[in-house]
Amino acid sequence: MTATAGSTTTTGKSSVTLSLHPLVIMNIAEHHTRVRVQTSRVNPVYGALLGKIKGRHVELCNTFEFKLTNDSPSTTTTSNVTIDMDFLTKKLELIRQVHPDLDFTGWYTVESKDWNPSTMSLFYNQLSSLNESPLLLRLDPIGVSNELPIHVYETIVDLGTKIDFIEISYTLITEEAERIGIDHVARYSVTDGTSDTSIVSDQIAIQFNAIRLLYQRMLMLLEYVRAVKEGQLERNDDLLREIGSLCQRLPIINTDDNNNQMFREDFDIQQSDVALLALLACCTQEISTLNDYLKMIDKTEYYNENFQGHKVDSMYLSNYCLDNT
């Protein structure tokens, strides 16, 4: 299907619902930043969107770059951009072999708010054979807003001549791997690649905050039980049963309690293992130091046996021992 008469963008009710993974945004931002650094200019970038289509719901999961037949540093407009469809088709076939649930769902571009929708009709004419209604995702690199600078449009052909780009809303969804990656990127960008704290200290701080929060919540439950016992609050049997069940799951660490023998045994074993490892490390270090001294003594005795009776400079002797250690 070819539409060349004109294109418009509107905001209205869309016929599809959209879910967006952060990996898509990160890939597009990386593509734009890399091209800008390599060419020292703001060039438009384009790529394919991959996702899962279930009825009228689309889930955007990943992206990859387009191969343009006339891709050059001087390309600054979309009026002469042609997609290498052979490369695109082969790329999609390889992706389906690894991820059979991913389909071609549309394309992305990096354009400001003054973008011209009519130029996007060229991409639609080339990509409509892969998807009858491909989505367009636009990232605004200079947009200033409290929201993400991401705009997604549904393409609808009006009377076979004009393409309408209807902006649709989206919801962000994440997986565990994406959350870890985003947290790493956020930490790196804030600290500018340098940090005074180690990864271990960060993990310990997180555990400490979690334990402190648990302790505060337990104090709150303890105050509630005391208030119920003293008659200050009304008794709620369901809530008391939940509190009792929670107390059964928590480890008993009060040393004055006679029912914590199992915990004390496990704690003593773990403490002994840690102390043993620390002692072993100290012994290894001391043995290494002692071995160095023994080597120096052997070299000194060898020198005395072979050069006995000769007047030798003490500085030369010490340098000789160190060089042969």
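The values are calculated or read from the model by the stated rules, or taken from the named source; none is laboratory data. Nothing here was measured: the structure is a model prediction, and the numbers come from that model. Methodologically, a virtual Cβ is constructed for each residue, glycine included, from the backbone with ideal geometry; neighbour enumeration extends over all protein chains shown. The protein model used for the area step is the full one, side chains on, heavy atoms only, and it has no ligands, DNA or RNA in it. Shrake-Rupley method; radii C 1.70, N 1.55, O 1.52, S 1.80 Å.
Residues in the range 127-159 that are more than 24 Å from THR171 (Cα to Cα), surrounded by fewer than 17 Cβ atoms within 10 Å (Cβ to Cβ) and modelled with pLDDT of 85 or more: SER129 alone. All conditions but one from (1) modelled with pLDDT under 90; (2) touching a Phe, Trp or Tyr at 6+ places or on another chain (Cβ under 7 Å); (3) open to solvent by less than 40 Å² (accessible area, probe 1.4 Å) apply to TRP107; the one that does not is (1).
Within the range 210-228, the presence of at least one residue that is of a type in the set (Ser, Thr, Tyr), modelled with pLDDT of 85 or more and either open to solvent by 80 Å² or more (accessible area, probe 1.4 Å) or in the same structural domain as ILE156 (by the TED database) (or both) is confirmed. Please go through the range 112-126 and give me each residue that is outside any loop (DSSP other than H, G, I, E, B) and either open to solvent by 30 Å² or more (accessible area, probe 1.4 Å) or hydroxyl-bearing (Ser, Thr, Tyr) (or both), ordered by number. Result: SER118, THR119, SER121, LEU122, TYR124, ASN125, GLN126. When the range 15-32 is filtered for residues that are loosely packed, with under 14 Cβ neighbours inside 10 Å and among the polar types (S, T, N, Q), only SER15 remains.
Would you say SER169 is under 22 Å from MET26 (Cβ atoms), modelled with pLDDT of 85 or more and not β-branched (Val, Ile, Thr)? Spelling it out, SER169 is indeed under 22 Å from MET26 (Cβ atoms), modelled with pLDDT of 85 or more and not β-branched (Val, Ile, Thr).
When VAL42, VAL35 are checked against the criterion of being surrounded by 15 or more Cβ atoms within 10 Å (Cβ to Cβ) and in the same structural domain as MET85 (by the TED database), VAL35 stands alone in meeting it.
Considering only the range 36-59, state which residues are touching an Asp or Glu at 6+ places or on another chain (Cβ under 8 Å) and in a loop (DSSP other than H, G, I, E, B). Hits for the range 36-59 are PRO44, VAL45. Given the condition open to solvent by 100 Å² or more (accessible area, probe 1.4 Å), modelled with pLDDT of 70 or more and of a type in the set (A, V, I, L, M), answer yes or no: does some residue in the range 299-322 qualify? Scanning the range 299-322, I find no residue that is open to solvent by 100 Å² or more (accessible area, probe 1.4 Å), modelled with pLDDT of 70 or more and of a type in the set (A, V, I, L, M), so the answer is no.
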